[in-house]
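A short write-up of the structure that comes next.
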Amino acid sequence: MKSANSSSKKNIPDWLLKAREKWEYDGSKRPPFAESPKKGQLSVWDFPRPPALDRIAQTLQVYHQGIPIATSKNGFAILETASPPTYYIPPQDVNHSALVAIANKQSLCEWKGQAQYWALMEDPLRPVAWSYAKPFEPYEDLKDCYAFYPQYLNCFVDGEKVIPQPGQFYAGWITKNLTGPFKGEPGTEHW
């Protein structure tokens, strides 16, 4: 498991490093409103901030109207306080013919860097995925991997259909082994 704490933090602007220091919750203790996990469950409030990067062996599948968009057993999970895992699928496991880059749509993740967004060929303006061409340290393993929004696609972890993280901004994949509450609803931005 890699975390940004293990990074030398070179090439990351000072203003961004300062923004990272303002987070109240970092996985070291659960807030009073956190749900208690049952046996076999994980609390997203135990995930770290800076986020951890885990290589996973679970089968990740992404479909749109029955058409496979991605299938992988070589993915990564980003585990960050208050959010269900965001899964990243290596480019060799993605059906690129189904996707098109969205011109002039980018965002900056304070942990991972500048994101490029992707849409389905049939709906080229609605983002369904993103990737990082030059991720910050220590997230270099995510270079050119795709993260998919379960709000718009059918996503599975080891055959279990995931529930999308609340809201439209985040793209965590909620499975039955997780407990929250999850960041994404109005009023949770400060989590």
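So if each residue of separation counts as 0.36 nm, and I subtract the Cα-Cα distance between residue 16 and residue 141, what length gain in nm does that give? Display every interim value, and only then the final one.
Values: separation 125, 0.36 × 125 = 45.00 nm, distance 2.06 nm.
Working it through step by step, the gained length comes to 42.9 nm.
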- On the full set of protein chains, 1.4 Å probe, figure out the accessible area of residue 123 and give it in Å² to the nearest 10. 60
- With label points built 7 Å along Cα→Cβ from the Cα atoms of residue 168 and residue 190, find their separation and express it in nm. 2.5
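Would you mind counting up the charge near residue 111? Only other residues with Cβ under 9 Å from its Cβ, with Lys and Arg at +1 and Asp and Glu at -1. Display every interim value, and only then the final one.
Details: positive: 20, 49, 112; negative: 80, 110.
That sum, taken over residues with Cβ under 9 Å, equals +1.
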- Note on the structure: chymotrypsin sites (Phe, Trp or Tyr not before Pro) in segment 52-93 lying in a DSSP loop, each with at most 15 other Cβ atoms within 10 Å of its Cβ, come to none
- Query: At a 1.4 Å probe radius, carbon and sulfur cover how many percent of the accessible area of the chain?
  - Reply: 53
- Taking R0 as 35 Å and r as the Cβ-Cβ distance between residue 95 and residue 158, the FRET efficiency 1/(1 + (r/R0)^6), rounded to the nearest 0.05, comes to 0.95
- How would you classify the chain from its alpha-carbon gyration tensor, with a ≥ b ≥ c the square roots of the eigenvalues: rounded for a/c under 1.5, else prolate if a/b is greater than b/c, otherwise oblate? oblate
- State the number of lysine pairs found in segment 1-150 whose Cα atoms come within less than 20 Å, restricting to pairs 8 or more positions apart or on distinct chains. 26
- Query: R0 = 45 Å: FRET efficiency of residue 33 with residue 108, Cβ-based, nearest 0.05?
  - Reply: 0.95
- Message: Need one word for segment 65-123: rounded, prolate or oblate. Basis is the Cα gyration tensor (sqrt eigenvalues a ≥ b ≥ c); a/c below 1.5 gives rounded, then a/b vs b/c decides.
- Response: oblate
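The values are calculated or read from the model by the stated rules, or taken from the named source; none is laboratory data. Not measured: the values here are computed from a predicted model. Here the Cβ is made from the backbone with ideal geometry for all residues, glycine too, and neighbour counts use every protein chain on show. Ligands, DNA and RNA are excluded from the accessible area calculation, which covers all protein heavy atoms including side chains. Shrake-Rupley method; radii C 1.70, N 1.55, O 1.52, S 1.80 Å.
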